[in-house]
Amino acid sequence: MTSSSIRDYPIVINLLKDRKNDLETFTTYAPSHRFIEAFVSATDLSFAVKDEDGSIFAMALGSDPVILKCDRLATSRGLTVDSKHFEHRADWDFYSIDTDAFTALESADIGSDSDEISAFLNTHAPDSSVWPDDPEILFWGQKRIAGELVALGTLVQWRTGQVMFASIGTHSGHRNKGLAQQLVREMLARVAKLGVTHVGLGVFAGNSSAKRAYEKVGFKLINEFSSYQCI
């Protein structure tokens, strides 16, 4: 049986306390100060938040969740939604990892040249979601070979407090060498030393090579999503 609308954030947290993946998804994507409402059943979870621009983002997880009124929607992969109201945008997966196993490793070098970072992303990772001067950036990690920038990535801290990887890219002439995996491990070492204990990661569902690489580092799959835009 699905709950009636819940507008008290701590109640949702309590209802999800024994559902690790749903709890992590909720706390990652629903900051308490922007939370609107949630519906919870034994197997399903739906919630909505108001973004800074006033638009509504909602998630509908499980096999038969409530679809809340929203401007953007993410659902469990395979869930059927009304194509008259929602246009499919992308499929993506949410991973996470604890940082304690990386504390003793060498920390990633920091990148600080915004022009160099932008040029690298434009050439080698043009679909990146985060670019220099984004206010959520904690730091850019980088790897160089003979002075040349060959791998790059950033860690950002969302308004929920969740720390996430973004804009991870490898120079097109240096791929398939494990450089991105090395960089991610070194960035996890650096952020662990800063006291961050847990980091998330979103990746397009069709990017099998990237998912294999992150899984080799130790990332665990939390949820698989489809994203939609309200028509």
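The values are calculated or read from the model by the stated rules, or taken from the named source; none is laboratory data. Worth saying up front: this structure is predicted, and the values here are computed from it rather than measured. Backbone-built Cβ (ideal geometry, glycine too); neighbour counts: all protein chains shown.
Output the number of residues of segment 3-26 satisfying the condition of being of a type in the set (Ser, Thr, Tyr) and modelled with pLDDT of 95 or more.
3
Of all residues in segment 5-54, which are among the β-branched types (Val, Ile, Thr), within 24 Å of residue 77 (Cβ to Cβ) and assigned to a helix (DSSP H, G or I)?
12, 25, 27, 28
Failed condition for residue 107, given (1) over 19 Å from residue 217 (Cβ atoms); (2) in a loop (DSSP other than H, G, I, E, B), with all others met?
For residue 107, the exception is condition (1).
Quick check on my filter: what residues within segment 40-62 are over 18 Å from the mean Cα position of the chain (by Cα), crowded, with 17+ Cβ neighbours inside 10 Å and in contact (Cβ under 8 Å) with a residue 40 or more places away in the chain?
Across segment 40-62, the qualifying residue is only 44.
Just to check your reading of the model, which residue among 109, 127, 98, 113 is acidic (Asp, Glu) and at pLDDT below 95?
Going through 109, 127, 98, 113 in turn, just one is acidic (Asp, Glu) and at pLDDT below 95: 127.
Out of all the residues in segment 175-229, which are of a type in the set (Gly, Ala, Ser), loosely packed, with under 13 Cβ neighbours inside 10 Å and under 16 Å from the mean Cα position of the chain (by Cα)?
206
Restricting to segment 167-212, and then to whatever is without any contact (Cβ under 8 Å) to a residue 12 or more places away in the chain and charged (D, E, K, R), can you tell me which residue is farthest from residue 91 (Cα to Cα)?
The selected residue is 177.
From the set of residues in segment 69-91 that are surrounded by 16 or more Cβ atoms within 10 Å (Cβ to Cβ) and not in a loop (DSSP other than H, G, I, E, B), which is nearest to the chain's Cα centre (by Cα)?
Out of the qualifying residues, it is 74.
Taking the condition of being among the charged types (D, E, K, R), without any contact (Cβ under 8 Å) to a residue 40 or more places away in the chain and loosely packed, with under 13 Cβ neighbours inside 10 Å, how many residues in segment 92-137 meet it?
Summing the residues that are among the charged types (D, E, K, R), without any contact (Cβ under 8 Å) to a residue 40 or more places away in the chain and loosely packed, with under 13 Cβ neighbours inside 10 Å in segment 92-137 gives 4.
Having 2 or more residues that are touching a Leu at 6+ places or on another chain (Cβ under 7 Å) and closer than 21 Å to residue 121 by Cα is the bar; report the strands (runs of 3 or more DSSP E) wholly within segment 133-231 that clear it.
Because the criterion is at least 2 residues that are touching a Leu at 6+ places or on another chain (Cβ under 7 Å) and closer than 21 Å to residue 121 by Cα, the strands (runs of 3 or more DSSP E) in segment 133-231 that meet it are 137-145, 148-157, 163-170.
If you check 146, 151, 166, which single one turns out to be among the aliphatic types (A, V, I, L, M) and touching a helix residue (DSSP H, G or I) at 6+ places or on another chain (Cβ under 6 Å)?
That would be 151, the only listed residue that is among the aliphatic types (A, V, I, L, M) and touching a helix residue (DSSP H, G or I) at 6+ places or on another chain (Cβ under 6 Å).
Which members of segment 15-44 meet the condition of being more than 22 Å from residue 200 (Cα to Cα) and of a type in the set (S, T, N, Q)?
41, 43
Find all pairs meeting these conditions: Cβ atoms under 6 angstrom apart; at least six residues apart or on different chains; first residue within segment 155-166 and over 16 Å from residue 108 (Cβ atoms); second residue exposed (fewer than 15 other Cβ atoms within 10 Å of the Cβ).
From segment 155-166, the pairs are 157/136.
Name the residues in segment 22-33 that are surrounded by fewer than 16 Cβ atoms within 10 Å (Cβ to Cβ) and not hydroxyl-bearing (Ser, Thr, Tyr), would you?
The answer is 33, and nothing else.
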